[in-house]
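Please read the structure below before turning to the comments.
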Amino acid sequence: MTGGGGAITLNGAGASAPNPLYQRWFADYNKVDPNVQISYQSVGSGAGVKQFIEQTVDFGASDDPLKDADRGKYPSARGAGPVQIPTTGIFVVFAYNLDGVENLKLSRESYCGIVDGSIKTWNDPKLTKENPDAKLPDTPITFAYRSDGSGTTAVFTKHLVKSCPNWKGGSGKSVEWPTGTGAKGNEGVTAQIQQASGTIGYTEFSYAKENALKVATLQNKAGEFITPSPEAAEKALVGVEPDKNLVVSVPDPEQKDAYPIVSLTYLLLYEQYPDSAKADALKKMVNWALKDGKAAVAELGYIPLPDEIATKVVTQLDTIKVASK
Amino acid sequence: MTSQDFSLSSGRSLKRSQMSFKTLFSNVMTGIAFACAIIALIPLVALLYYLLINGFARLGPQLFTQLPPPPYQPTSPQFNTGGFGNAFIGTLMTVGIASAISIPFGVFASIFLSEFARDTKLADSINFFTNVLSGVPSIVMGVFAYGAIVLTTKSYSAMAAGVALAVLMLPTIVRTATEALESVPKELRQAAFGLGATNYQTILGVVLPAAIPGIITGVMLGVARAAGETAPVIFTALFNNFWNLDPWKPTATLSALVFNFAGTPYKNWQQLAWSAALVLVALVLIANILSRWITQRKR
Amino acid sequence: MALATDNTQGMSWHRTATSRFLDKGFFWLTAAFGIGVGIILLAIAFQVGRDAIPSIQKFGLGFLTATRWNPVEDIYGAWTQIYGTLVTSFMALLLAVPVGVGVAIVLSEDFLPPRLQKPLVFMVELLAAIPSVVYGLWGIFVLAPLLQGPAMWFYKTFAGVPVLGSLFSTPPTGRGVYIAGIILAIMILPIISAISRDALVAVPLELRQAAYGLGASRWETLFRVIIPAAFSGIVGGVMLALGRAMGETMAVTMLIGNSSNPSPSLFAQGSTISSLLANQFAEADGLQVSSLMYAALVLFGLTLLVNILAELLVSRVKLKM
């Protein structure tokens, strides 16, 4: 039942934003190489980074790149430093549940107001002005956020810091929210929105897509209203150079037609593995995912990794020590 | 006023009290008590009703032979596939480890309490510690096992969850086993000593066997509680999407599966959560009924 | 006996030496496990206490009254969670004690024929064993949607009332303190009624017969004789339930809304110490872990207090009688 002699089991934990993609990748890869079983737990980026540093997993995952403080705690037994690999692009949408309101448009002022609690009801003058055709009710707005430490929260709040002058919460994987309900994982926030009318919250696009939630059109830095789509989100990554840790940071993209809340998501690997079979399996899997996993990226609504970054990932992978075979 | 009233009335005529305040009061109170019972029954019956309705929707052998599926929409042809066989095994494994630790621990401790230290200050303080331990929130035990096992072995594991659950079961086992041992008649011990048996021979050969039904009752109650506990398991066993029989690796359990899947938007996962809850409740009820049956047979 | 000693005279010395050794070993073995129970408790307290030290040093007792829980700035205070723990537990007691004792009375008196009473008693005791996570699941999909309507009515009716209104001052949503309180009430109800019933049934028959003999009715007997006699047991059950409610994690985490914003409103989202731990423990590090441990220590202390209080109350009532 455990798979017999040659089986390699890899345990990973972390970000929930790419979880649907990772589950798909790992299940598909298990068909390609039945000897490799990868179990991934969507526990949130915060837990992913912590478990990675405490070496309780074979790999971690986070939407928020490792901070210097995290790098400082990297266990020296596992080599010089972490190997941080971007896998795909994600983008965060405002998903909502409000009967009869289809294409909600939110200006910067409006979504900042919803998040900081200054806009309390759906028929707030700001919202009615921007959505003259929608029948906005006088019911309260419930804002749904992440209760666990979340890379999605980090991506979202980094954008808020840039775009909302009144935002006081700072940015990070878990912040102090002035209003709303906390739920665990992108799954939890999505479920919360789905179950209660009048709720709006931030989730990774694929969750909204898969569960047929309505998503709001947002105003970007250039002032344009952009309907969320992988194509619009991809534009935010155009021409942006990754740093030496392969981090791409676009908290508030300038491009005229780019969707405003975009990031990459990362796998966290060790430079050295005590079990070389594991290192080998991980390397092969990531290489496979970058090439053959692209169909799943498009199908689930993620942003494909730009080619120049993908090439760099392949070189980065080589820093992982693998036993010569 | 009333007390004088009724002493007079009851002394003279029994019939006069029919329309009295006392009768009225009795009827009103009876009504309130029954209303309470009905109010209490509504949520409890509703819980069982929804558990059965939603849990049975997917009940079948595939639940115990298949692995948890990826999320599927109801329109997918694979919507009804998948199960939680690994979580079922994982629950048996974690509870098994917990029992293997807590039963000998608890039984030996209770032998000390009932046979060697009965009615001493030391026994009093151990009993106090046992009571306090049973009041420690289960999540704190998870935190403890995380620090003690997960961080030192550098892996989430069924073993870590087993340790947390063992601490949880321990007070129940100590209490019931001590009670059972203490209720073994003195004459049995005296007879054994009289035959020349030593302390340990008397206790292991005579007293312990006589107390076994009581001890099993306690063990069953402990098992029932441990099987359903979630808080100490989510930090320790984590979860696993695959089959796992290695006690030192992350392991899926039914209770963690219910927690993980209940909070998701996916219909097939929600249904699996209901089925897992039904299986969990069935396990708990079976353990409880067994313990009751053993107690009744003893009597 | 005589036979045994006669036949084995030669070997008996040897045997006794081994036996004595085994006997001693056995004693110390059981003693080690007996004392081990205490050591485990101390080990838990020690580990939690040790890990809490950095936070205790940084925030001191102010931790108990501060309301911010801000991992970005590393500023922590647990009053919101302490308040949430107390409010949900007391709300649960308020709802469950009268109903639970009522159930216990119905199931301990001869209102019902034994054929109906026995299975009901059995059912109540089994319900006490249903896992918390199952209540949480039911709460999400059945209870929370069901409570929305009545909660909205409460909000519209009472929000404007002075003082009392502050309890209902925010619009209810699908998650909140009130749902957590109600689910806890449902969860502790079987504990209260099972233990209270045991206490009521244990009252000696003579007391009841004496009261009836003096002409007391069933309810006079209950209120003046049986309930006072069973009081210590009932209080013990209530205290046990309170301890359970304060430490309860899963169902509360699934339903309370996990917000660290302090609000007096029962309809607002909130959090308890245990829900905070469940949400943040897996990912916290540094001062945040330490503060979580501090919060766990507070919870540990609260439950300890309740347990000791229960024992004191029970023994005082016993002395009185």
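Some points to look at:
- Listed residues B:R225, B:R118, B:R175, most fluctuating in chain B (Gaussian network, C-alpha, under 10 Å): B:R118
- Candidate aspartates and glutamates - alpha carbon under 17 Å from B:K249, same-chain residues fewer than 8 apart omitted: A:E54, A:D58, A:D275
- Helical content of chain B, expressed as a calculated mean residue ellipticity at 222 nm, amounts to -22500 deg cm²/dmol (DSSP H runs of 4 or more residues, -39,500 (n - 2.57) each, divided by residue number, nearest 500).
- Global form of segment A:91-237, assessed from the alpha-carbon gyration tensor, a/c cut-off 1.5: rounded
- Backbone amide hydrogens, once placed in the peptide plane, bring C:I75 within less than 5 Å of C:N70, excluding anything fewer than 5 places away on its chain.
- Alpha carbon centroid spacing (whole Å) that separates segment B:145-160 from segment A:56-105: 25 Å
- Largest first, the three principal axis extents of the alpha carbons in the protein assembly as shown are 96, 87, 57 Å in whole numbers.
- ³J(HN,Hα), Karplus 6.51/-1.76/1.60, whole Hz, each residue of segment A:18-31, x for Gly, Pro: x, 4, x, 5, 4, 4, 5, 4, 5, 5, 5, 5, 4, 6
- Inter-label distance for B:R118 and C:W153, nm, one decimal - labels placed 7 Å from Cα along Cα-to-Cβ: 5.9 nm
- Counting only lysines at least 8 places from C:K118 when in the same chain, those with an alpha carbon closer than 20 Å to its own are B:K298.
- Take each residue of peptide B:142-152, count the partner chain Cβ atoms within 10 Å of its Cβ, and average: the result is 4.
- Taking amide H positions as modeled 1.01 Å from N, with prolines and chain starts lacking one, the residues under 5 Å from B:G83 and 5 or more places away or on another chain are B:Q66, B:L67.
- Over 30 Å (Cα to Cα) - which of A:K209/C:K156; A:K50/A:K235; A:K284/B:K267; A:K105/A:K235; A:K209/A:K256 fall in this group: A:K209/C:K156; A:K50/A:K235; A:K284/B:K267
- Span from the segment A:133-180 Cα centroid across to the segment B:19-85 one, whole angstrom: 36 Å
- Cα-based radius of gyration of segment B:164-219 once divided by 2.2 N^0.38 Å, which approximates compact folds: 1.27
- The value of relative contact order for chain A, using C-alpha pairs under 8 Å at least six residues apart, is 24 percent.
- Note that segment C:112-121 has calculated 3J(HN,Hα) couplings of 9, x, x, 5, 8, 5, 4, x, 5, 4 Hz, one per residue in order, obtained from phi through the Karplus relation 6.51 cos²θ - 1.76 cosθ + 1.60 (θ = phi - 60°); glycine and proline are x.
- Sequence ranges C:276-282, C:23-29, A:43-49, ranked by mean other-Cβ count within 10 angstrom, highest first: A:43-49, C:276-282, C:23-29
- A:Y145 long-range amide H proximity, modeled H, under 5 Å: A:T181, A:G182, A:A183
- Highest to lowest packing among B:103-111, A:72-80, B:254-262, C:94-102, scored as the average C-beta count within 10 Å: B:254-262, B:103-111, C:94-102, A:72-80
- Gaussian network model of chain A, Cα within-10 Å springs - most flexible of A:T179, A:T87, A:T203: A:T179
- For segment A:117-131 versus segment C:89-133, the gap between their alpha-carbon centres in whole angstrom: 49 Å
- The relative contact order of chain B comes to 25 percent, based on Cα pairs under 8 Å that sit 6 or more residues apart.
- Antiparallel %, DSSP beta bridges [both residues in the protein assembly as shown], to 5: 60 percent
- Shape annotation for chain A: C-alpha extents along the principal axes are 67, 41, 33 Å, from largest to smallest.
- The phi torsions of segment B:90-106, fed into the Karplus equation with coefficients 6.51, -1.76 and 1.60 and a -60° offset, translate into couplings of x, 4, 4, 5, 5, 5, x, 4, 4, 5, 4, 7, 7, 5, x, 4, x Hz, rounded to whole numbers, with Gly and Pro shown as x.
- Prolate/oblate/rounded label for chain B (Cα gyration tensor, a/c 1.5): oblate
- Chain C: radius of gyration and largest Cα-Cα distance (Dmax), Å: 26.1, 94
- nm² value of the averaged projected area, convex hull over the Cα atoms of segment B:29-162: 15.3 nm²
- Cα-projected label distance for A:D133 with C:Q57, points at 7 Å along beta-carbon direction, nm: 6.3 nm
Any read-out appearing in this document is the output of simple, stated calculations on the displayed coordinates, not a laboratory observation. All of these numbers come straight from a predicted model, not from anything done at the bench. Reconstructed Cβ throughout: ideal geometry from the backbone, glycine too, with neighbour counts over all protein chains shown.
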